[in-house]
Amino acid sequence: MIGRWSAASIRARLTGWYALVLMAMLLVYATATYVAVRHEFLEQLDEQLHGEFETLEGRLARMPDGRITWGDEGRQDPDHEPERVFELWSPAGEQLQRSGADVSLPPTVLATASSSYRYETVRSNGERWRSLTGSVTVDGQSVVLRAARSEERVLGQLREVLVVLVFGLPLIVMLAGVGGYVLARRALQPIDHLASEAHRITAEQLHQRLSVPNQHDEIGRLAAVINSTLARLEGSFDQLRRFTADASHELRTPLAVVRGIGEAAVAKRRTALEYEEAIGSMLEEVDRMSNLVDTLLRLSRGDARTIKPTHQLTDLGELAKEAASSLGILAEDRHQTIDVSVNGGVVVSVDRLILREALTNILDNAIKYSPNASAIQIRVERVGDRAVIAVTDQGPGVALEHREVIFDRFFRVDQSRTRNGGGAGLGLAIAKWAVQLHGGELTAQDGSRGGSEFRIVLPTGSISPITDEHLSHADPRGGTS
Ligand code: ADP
């Protein structure tokens, strides 16, 4: 039953609940109404009875022959008074006078001769009668007076009310249910429309969007959310396609080189030295490929969030000096100088290896892209509650329109650059991921001495706050979020 209920459409369930709740409310309302009306009708009957009792009481008088009577013989006709009965009794239980309907009510018994009144419902011939009995004293003689009225008319009226309530209630619930169903269907129709539109959108048609009839209502907001999800999906798919294409392209080139060297080597007989050279060149290409594959592997682990940083308190000044000295040989080859200036001790809890890799990639670029005999500067300082590592060079700088995209995977400003002149365009993507993993920011801007300045800005909390937001910013597909 529950299974079938939950399998029903929302509009059917809505209508069902609506009808059920309405039915329960109407039932309570109808019962309360019936009880109140019944009480009111019976009370009115008692009031009428009381009025008639008093009228009759006022007419009681002693006749010259000593009898006590209300003196109206006309009332003796039962046809005129089919619903009423008036009786006069002596305290001893002898009926003195009677008028009204031809029914025999049970003899009245009043325990005391005091002027007490008693309402009661009695039965006669299967009919219910309401009677008011009271002791009355006329000229010092006490008698018992009884006025009675049939309840049948009131009960008949009550039955009519009950019939209206009992038959009207399901009718109202049925009409309301139909109305509710139509309303629910109209209200939910746009959802069906959305569903059929969304159904048509496949991975190949991610550029399509759902129509948003009214962006201010719930369904409009739902459509807008689905549209923005589609937009994000489309972006991710695009990046994935680009990434796959770029990665294949990067691997194809060294493979082609290996193949070319191999083919040239076996084309004719060579000396042992020539073979050695050919094998050496091939191994170089293989190295290049394994580096690329290693880097891609690491990035994809970063994307899958399987790399867990190991935090330790690290002196960023020391870290900068280490990076500078490990790359010093490259700078020396180009007669460049690397100057590290540390403004006070800046100690931050970070994963030393991961952050060092970011710094190495940035420094490597500074060496690679700066002219011979230029100066590179690393500045480590604390700015407010942030730690900053800035690498400034005297290279060509990064044009404004490239300052975001240089962090994309496989992006190179000069796409035609020879393979020996630079890497695959993954260095900054890795650096950005590493910095964001620590809750920090990596940006490129103009350097003070003409070149560029790459700034790593890190929070200095004892444990770096790494939130999902930061991780998702380190977009696996190299987005420049
Ligand atoms: P690559 O392996 O090509 O160096 P990166 O991701 O490290 O890839 O850098 C991306 C691009 O950003 C580089 O191709 C280069 O054009 C530009 N770039 C990086 N660092 C610098 C810099 N210090 N000065 C000028 N351009 C830079």
Next item on the list: Could you check, for segment 417-435, whether at least one of its residues is within 15 Å of Ile456 (Cβ to Cβ), more than 42 Å from the chain's Cα centre (by Cα), polar (S, T, N, Q) and more than 9 Å from the ligand (Cβ to nearest atom)?
Entry: no
Next item on the list: Say whether the condition of being under 25 Å from Leu297 (Cβ atoms) and open to solvent by 90 Å² or more (accessible area, probe 1.4 Å) is met by at least one residue in segment 236-247.
Entry: yes
Margin query: Six or more apart or on different chains, Cβ atoms under 6 Å: show the pairs whose first residue is in segment 395-406 and more than 27 Å from His335 (Cα to Cα) and whose second is near the ligand (Cβ under 9 Å from one of its atoms) and at pLDDT below 95.
Written below: His402/Val413; Val405/Phe411
Note to self: Which residue is nearest to the ligand (Cβ to nearest atom), if the candidates are limited to segment 348-360 and must be open to solvent by 10 Å² or more (accessible area, probe 1.4 Å) and over 16 Å from Leu327 (Cα atoms)?
What the structure shows: Ile354
Notebook entry, point to check: What do you reckon, is Val405 buried (at least 21 other Cβ atoms within 10 Å of the Cβ) and either touching a His at 6+ places or on another chain (Cβ under 7 Å) or among the β-branched types (Val, Ile, Thr) (or both)?
Noted result: no
Check: Within the bounds of segment 339-347, is there any residue that is within 16 Å of the ligand (Cβ to nearest atom), under 26 Å from Pro459 (Cβ atoms), assigned by TED's automatic domain parsing to the domain that holds Asp315 and touching a helix residue (DSSP H, G or I) at 6+ places or on another chain (Cβ under 7 Å)?
Finding: no
Next item on the list: May I ask you to list the residues in segment 8-47 that are buried (at least 16 other Cβ atoms within 10 Å of the Cβ), basic (Lys, Arg) and within 17 Å of Met174 (Cα to Cα)?
Entry: Arg11
Margin query: Being over 29 Å from the mean Cα position of the chain (by Cα) and assigned to a helix (DSSP H, G or I): is that true of Leu188 here?
Written below: no
Check: Going through segment 333-347 one residue at a time, which ones are of a type in the set (S, T, N, Q) and open to solvent by less than 30 Å² (accessible area, probe 1.4 Å)?
Finding: Gln336
Item checked: Options Leu299, Leu363; residue that is of a type outside the set (Gly, Ala, Ser), in contact (Cβ under 8 Å) with a residue 60 or more places away in the chain and crowded, with 21+ Cβ neighbours inside 10 Å -> Leu299
Check: Taking segment 394-413, which residues are under 15 Å from Thr443 (Cβ atoms) and either polar (S, T, N, Q) or assigned to a loop (DSSP other than H, G, I, E, B) (or both)?
Finding: Gly397, Val398, Ala399, Arg403, Glu404, Asp408
Next item on the list: Return a yes/no flag: does segment 334-344 have any residue that is at pLDDT below 95 and over 30 Å from Asp385 (Cβ atoms).
Entry: yes
Next item on the list: Only residues in segment 224-252 that are more than 30 Å from Ser211 (Cα to Cα) count as the first member; pair them with residues that are loosely packed, with under 14 Cβ neighbours inside 10 Å and of a type outside the set (Phe, Trp, Tyr), Cβ under 8 angstrom, at least 6 apart or cross-chain, and list the lot.
Entry: Leu251/Val293
Next item on the list: Test Leu162 against the stated conditions and say whether it is surrounded by 17 or more Cβ atoms within 10 Å (Cβ to Cβ) and not basic (Lys, Arg).
Entry: no
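The values are calculated or read from the model by the stated rules, or taken from the named source; none is laboratory data. All of these numbers come straight from a predicted model, not from anything done at the bench. Methodologically, a virtual Cβ is constructed for each residue, glycine included, from the backbone with ideal geometry; neighbour enumeration extends over all protein chains shown. Only protein heavy atoms, including side chains, enter the accessible area calculation; ligands, DNA and RNA are left aside. Shrake-Rupley method; radii C 1.70, N 1.55, O 1.52, S 1.80 Å.
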